[in-house]
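Right, one structure below, let's go through it.
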Amino acid sequence: MRSAALTLLRHLTNVLALVGALGVIAMLLHVTVDVISRQLFQRPVPATVEIVSRYYMVLISFLPLAWTERRNEMITVDILSGLFRGPLDRINMAFVHLLSLAAFIFLAYTTWSAALREYEAGSFVMSLSVAVPIWPGYFLLPLAFALASLISAVKLYLCLAGREREPESEAFFETDNGGPVQ
Amino acid sequence: EELRLAPGAPPSHPAHTPLYVTLAEELPKETDGTLTGNILGPEVANVGNMKGALQSGVVQVGNLLPLYFPGDLPNSALMGDLAFLGRDPQVMGAAMTEYVVTCEDCQEEFKKLGAVFAGAGSSDVYVLLTTKPVRTPDDIKGMRLRSGGSPFARWAEYIGASPVNVPVNDTFESMSQGVIDGTMGSAADLTSYRLIDLAKYIIDLPLGTYHATVNFAVNTDAWKAMSPEQRRGFVRAANKANIAFTQTWGYERSNVAREEAEKAGLEVIKPDQALFDVTESFVEDDLKAVVGIAESQYGITDAEAKIARFRELVEKWTKIIDEVGHEPEAIAAATQKEVWDKVDYESYGM
Amino acid sequence: MSITTGLLGICALLVLLALRVPVAVALILVSFGGIWLMLGFTPAVGILATTPYDFVASWTLSAVPMFLLMGFVAYHAGLTTRLFEAADRLLRHLPGGLGMAAVLGCTGFAAVCGSSLACAAAMGRIAIPEMIRAGYRASFATGALAAGGTIGALIPPSILMIIYGVFAETSVTKVFLGGISVGIMTAVAYCLLIVAVAKLRPDIVPLAKEGSSLHAESNPFLEIWPILLMIVVVFGGLFGGVFTATEAGAIGAASAIVIAVAMGRLPWARFRKALLETVGTTVSLFIIGVGAVMFTRFLGLSGTAGFISSTLTAWDLSYAELMIMIVVLYLILGMFMEPFGAMLITLPVLLPLLNAASVNLVWFGVLLVKLLEVGMITPPLGMNVFVIRNVAHQYASLNDIFRGVALFIAADIVILALLIMFPQLVTALTG
Ligand code: NA
Ligand code: NA
């Protein structure tokens, strides 16, 4: 049961990373086509700046957060890590997961309220003379932070239950990037 | 009570000095020392994030540009589409101020956003700053020009240039790379964005003003916490600051920039009559287009009447400023009397 | 003003970081708590609600993931391996040839990219594995690239210099010119440092190799054309006015992909890996960026940074004391703040002072950007070090990289001293 839930979460976060990867490709194509079309045909792709900054950037930067969190890739300063051994290590890790959980829950809640406000205002920006709606992009943030809090909660649970070294947990934390490449 | 004031711009920008500096100086004088201000830098709030900063109360008085938030402030943003009506900055600042204060839909928008409008200002009349000479309509065909807003983009398209959407902070780089051949903007951009290092020509073709401004948006909670007397005092201080701002941004800055540009060897070109004519005909054709834009993109009803009302105010203030002259004190007295003294400080913005 | 809250916030941040709390989480929670204490709950919530979106929804910042992708693709497709072999052959008779090649690579790349983050990201993935394979100690190799990346913001184009020029109302072109001289000085100093280390500590930097290792029979100069083609496309496009430095990231990545595919070197598995590494690095960097902007707002609202700079400037200082004070000030701020925030907070206080002392503002801009770039590699908040950690986590821990960077910071301090003692190093070019 628990193992199935962990596997499901692992796959879910992997999908988030792939969506982020698609965002990277989309951004690359959009900007490249814009430059080529502007130079060759004097016709830039409309609203490139707005779509890149308001959609692709938000998607790439936040959506895969849960994936990063699952793989323990959030950057930490490990200057004193030698001090944390045995039970102290467990207490410290529980504290770290708890704070991460708190931060992500705060962020999920606050960015959700911001997204609702933008939705109600029907936020858009003008790109030359085209109106580009921007409110949908705001909803990516609460989604990303909610999923990241879910992962933090799981990590906190595994830590408190003393299970983070078990094979199913190790599998959950895997950092494989899609097979060996030499 | 010390208010947190946010010009959203560095000290070198007129939105900081004189706009917010004047407010901070006048505020205690006009409120018997009961209100003071502390100016926050752009690292706390900039024009891009001003709405959130105001709504959360991080900032209590902020410089809010409606064109950054047209979804929230469509009725105020719409006046930005009438840029080409602008021929005199003080006229446009006063007309915009009176328009928003007396426009019910605008006031409704501000209420929903959680802010109170306390005055607008205006830029100088925009010109073309280019790396290539422009004299005839043919010269401008196919030129890539940075547009600072949709009316300028429409003008560029009308005249056969290709408007390019470049974020204001990228203007310098885009011009130095040759990605754009010029920009439609204030002559003051020559110094404030250092375009003086790149541009070779100032094309003296009047392109209208940037007047869709809310120099002072007051957080509604902060406004409600003031007594009616304090609100009156706040607005008196704000009014002086608004006039001083337009005086600087609308005239002095661009004059200084032009002098520096001439020293730096830029050439001022007075283009052929043909370019003036085609711009004239654009203005009339475009007014019809604006009605469509207002209804389809901003979701505004009754746009024709609103545009007519704004034109009326532009004419009214053209007459007033013709009479009182361009002394800032005289204009401040006129806007105080014509607009702000008619406001009921028990109910305004509540 | 709540200077005490600001100072307490800095202490709380240090404690949380020492307790292994992720950098982003620590920055976000301390800023939230601090603003709550100073202004109340609603403003604190407001900062959390809007900063993440506002920071990331940026056109300029979009160059970073694009340059990252370019570096990852070039690495995984093996486009770069032979470049270093070629550099190695050229510089073989010199000790530390490969390290110098990496620094010179950063310098060349700096001429196309506007931020040191993007520069470190692009070059780090390419150079570090090669250096480690050649026997460099991992901490030194990673430190060299973290520091080498800072050249990205010194040599034009440079986003920091543009913002400074606008803020200080001084000529960006002249600051750019000054940046060339400081960028080259930095590159030379780093190269000298690498040679010195190679001479003194061959266990850290291997001395010149005897024979060549792998491809002794083939000529690497004939095989570096893919990377040269990439450089030609990016440089040519930038200087030919085809695209801007922000767009150059996407063009660079696209050309890396096209070349790699054309050579049959980019099977799906490798491309996928490059993409996922790009996503992972972008996410973990930008969430720290969000935290850094929040912390900067917190310090701005508390008035702490302004207080520190105005206190220091209130003393009646001689020119030399003023300059030492400025260096110390930015070294301290650079530890905790992102460079744009540090610049925006301090300049309003410093500019009048500098004007009064008739300091040349072009020269000062160059000095300032150099100082802010040193902040990019000092602990605990060193964004360049974080990028390198992400592209080279299999070789070195964050501690290792910070240790490796120490020598380069020492070299930077020498450069700063030279700049202050001999302003003509900059002004000779800028007039
Ligand atoms: Na550069
Ligand atoms: Na630092």
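The values are calculated or read from the model by the stated rules, or taken from the named source; none is laboratory data. Computed from a prediction, not measured in an experiment: that's the story for all the values here. Note that we place each Cβ from the backbone using ideal geometry, even for glycine, and neighbour counts take in every protein chain shown. For accessibility, only protein heavy atoms count, side chains too; no ligands or nucleic acids. Shrake-Rupley method; radii C 1.70, N 1.55, O 1.52, S 1.80 Å.
Return yes when B:MET79 is touching a residue at least 24 places away in the same chain (Cβ under 8 Å) and within 11 Å of chain C (Cβ to nearest Cβ) and no when it is not. Spelling it out, it is not the case that B:MET79 is touching a residue at least 24 places away in the same chain (Cβ under 8 Å) and within 11 Å of chain C (Cβ to nearest Cβ).
Here A:SER113 qualifies as part of a helix (DSSP H, G or I), at the interface with chain C (Cβ under 9 Å from one of its Cβ atoms) and open to solvent by 40 Å² or more (accessible area, probe 1.4 Å). Tell me, yes or no, whether the stretch A:172-179 has at least one residue that is modelled with pLDDT of 90 or more, of a type in the set (Gly, Ala, Ser) and out of contact with any strand residue (DSSP E or B) (no Cβ under 8 Å at 6 or more places or on another chain). Checking the stretch A:172-179: not a single residue is modelled with pLDDT of 90 or more, of a type in the set (Gly, Ala, Ser) and out of contact with any strand residue (DSSP E or B) (no Cβ under 8 Å at 6 or more places or on another chain).
Only one entry of A:LEU28, A:LEU40 meets the criterion of being more than 8 Å from chain C (Cβ to nearest Cβ) and either closer than 15 Å to A:GLU174 by Cα or in a helix (DSSP H, G or I) (or both), and that entry is A:LEU40.
Specify which of the listed residues (C:ILE326, C:ILE259, C:ILE332, C:ILE345) is more than 22 Å from A:TYR56 (Cβ to Cβ) and modelled with pLDDT under 80.
Details: C:ILE326 fails: modelled with pLDDT under 80; C:ILE259 fails: modelled with pLDDT under 80; C:ILE332 fails: modelled with pLDDT under 80.
Among C:ILE326, C:ILE259, C:ILE332, C:ILE345, only C:ILE345 is more than 22 Å from A:TYR56 (Cβ to Cβ) and modelled with pLDDT under 80.
Scanning the stretch B:27-42 for residues that are open to solvent by less than 30 Å² (accessible area, probe 1.4 Å) and either in contact with a Leu (Cβ under 8 Å, 6 or more places away or on another chain) or closer than 25 Å to B:TYR251 by Cα (or both) yields B:LEU27, B:LEU35, B:GLY37, B:LEU40, B:GLY41, B:PRO42. For the stretch A:68-105, residues that are within 13 Å of the chain's Cα centre (by Cα), within 7 Å of another protein chain (Cβ to nearest Cβ) and of a type in the set (Asp, Glu) total 1.
Consider C:VAL45 carefully, then state whether it is within 23 Å of C:PRO379 (Cβ to Cβ), in a helix (DSSP H, G or I) and open to solvent by 10 Å² or more (accessible area, probe 1.4 Å). Explain how you work it out, then say what you get.
Working: within 23 Å of C:PRO379 (Cβ to Cβ): no; in a helix (DSSP H, G or I): yes; open to solvent by 10 Å² or more (accessible area, probe 1.4 Å): yes.
When the stated conditions are applied, C:VAL45 does not pass them.
Take C:ILE388 and tell me if it is at pLDDT 90 or above and away from ligand 2 (no atom under 16 Å from the Cβ).
Working: at pLDDT 90 or above: yes; away from ligand 2 (no atom under 16 Å from the Cβ): no.
Judged against the criteria, C:ILE388 is not a match.
What's the number of the condition C:ILE308 fails, among (1) at pLDDT 85 or above; (2) more than 14 Å from chain B (Cβ to nearest Cβ)? For C:ILE308, the exception is condition (1).
Only residues that are in contact (Cβ under 8 Å) with a residue 40 or more places away in the chain and over 22 Å from B:ALA120 (Cβ atoms) were counted across the stretch B:266-287, and they come to 14.
Checking each residue in the stretch B:10-40 for being of a type in the set (A, V, I, L, M) and within 14 Å of chain C (Cβ to nearest Cβ) picks out B:ALA15, B:VAL21, B:ALA24, B:ILE39, B:LEU40. B:VAL58 falls short on exactly one of the conditions (1) closer than 30 Å to C:SER2 by Cα; (2) part of a loop (DSSP other than H, G, I, E, B); (3) open to solvent by 10 Å² or more (accessible area, probe 1.4 Å); (4) within 14 Å of chain C (Cβ to nearest Cβ), and that condition is (3). Of all the residues in the stretch C:380-410, those that are within 17 Å of C:TYR190 (Cβ to Cβ), away from chain A (no Cβ under 11 Å) and open to solvent by 20 Å² or more (accessible area, probe 1.4 Å) number 4. Each residue in the stretch C:1-33 was checked for being farther than 15 Å from A:ILE75 by Cα and open to solvent by less than 10 Å² (accessible area, probe 1.4 Å), and 3 pass. Every condition in (1) assigned to a helix (DSSP H, G or I); (2) within 11 Å of another protein chain (Cβ to nearest Cβ); (3) more than 16 Å from ligand 1 (Cβ to nearest atom); (4) not small (Gly, Ala, Ser) is met by C:LEU371 except one, and the failing one is (2).
Just name the residue that is surrounded by the most Cβ atoms within 10 Å (Cβ to Cβ) out of those in the stretch B:288-301 that are more than 10 Å from B:PRO74 (Cβ to Cβ) and in contact (Cβ under 8 Å) with a residue 40 or more places away in the chain. Before you say what the answer is, go through the steps one by one.
Taking the stretch B:288-301 first, the residues more than 10 Å from B:PRO74 (Cβ to Cβ) are B:288-293, B:295-296, B:301.
Then keep just the ones that are in contact (Cβ under 8 Å) with a residue 40 or more places away in the chain; that gives B:289-290, B:293.
Numbers: B:ALA289: 16, B:VAL290: 22, B:ILE293: 20.
Within the stretch B:288-301, the match that is surrounded by the most Cβ atoms within 10 Å (Cβ to Cβ) is B:VAL290.
Mind telling me which of the residues C:ALA49, C:ALA63, C:ALA18 ends up being closer than 27 Å to A:TYR109 by Cβ and within 10 Å of another protein chain (Cβ to nearest Cβ)? Working first, answer last.
On the way: C:ALA63 fails: closer than 27 Å to A:TYR109 by Cβ; C:ALA18 fails: closer than 27 Å to A:TYR109 by Cβ.
That would be C:ALA49, the only listed residue that is closer than 27 Å to A:TYR109 by Cβ and within 10 Å of another protein chain (Cβ to nearest Cβ).
Any chance the stretch A:148-160 includes a residue that's at the interface with chain C (Cβ under 8 Å from one of its Cβ atoms) and open to solvent by 30 Å² or more (accessible area, probe 1.4 Å)? Show your work before the answer.
Pass one, the stretch A:148-160, residues at the interface with chain C (Cβ under 8 Å from one of its Cβ atoms): none.
No, the stretch A:148-160 contains no residue that is at the interface with chain C (Cβ under 8 Å from one of its Cβ atoms) and open to solvent by 30 Å² or more (accessible area, probe 1.4 Å).
Residues are listed down the side, and each one gets a yes or a no for (1) more than 14 Å from chain B (Cβ to nearest Cβ); (2) not small (Gly, Ala, Ser):
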position: C:TYR319; (1), (2): yes, yes
position: C:GLY334; (1), (2): yes, no
position: C:VAL349; (1), (2): no, yes
position: C:ASN360; (1), (2): yes, yes
position: C:MET376; (1), (2): yes, yes
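Here the stretch C:337-382 is the region considered, the condition is being within 10 Å of ligand 2 (Cβ to nearest atom) and out of contact with any Gly (no Cβ under 9 Å at 6 or more places or on another chain), and the residue that is nearest to C:THR430 (Cα to Cα) is C:PRO379. Pairs are defined by a Cβ separation below 6 Å, a sequence spacing of at least 6 or placement on different chains, a first member in the stretch A:45-67 that is facing chain C (nearest Cβ under 7 Å) and closer than 16 Å to A:LEU22 by Cα, and a second member that is assigned to a helix (DSSP H, G or I) and among the aromatic types (Phe, Trp, Tyr); the pairs so defined are A:SER61/C:PHE286.
Of all residues in the stretch C:169-177, one or more are at pLDDT below 95, within 16 Å of ligand 1 (Cβ to nearest atom) and among the aromatic types (Phe, Trp, Tyr).
Residues that are farther than 20 Å from A:PRO44 by Cα, open to solvent by less than 10 Å² (accessible area, probe 1.4 Å) and away from chain C (no Cβ under 11 Å): find the helices (runs of 4 or more DSSP H) completely inside the stretch B:108-194 holding 3 or more of those.
Values: elements: B:137-140, B:150-159, B:171-177, B:189-192.
Hits in the stretch B:108-194: none.
Pairing residues of the stretch C:252-276 that are more than 7 Å from chain A (Cβ to nearest Cβ) with residues that are not in a helix (DSSP H, G or I), at Cβ distances under 6 Å and at least 6 apart in sequence or on separate chains, gives C:ALA260/C:ALA77; C:ALA260/C:LEU266; C:ARG265/C:ALA77; C:ARG265/C:GLY78; C:LEU266/C:ALA77.
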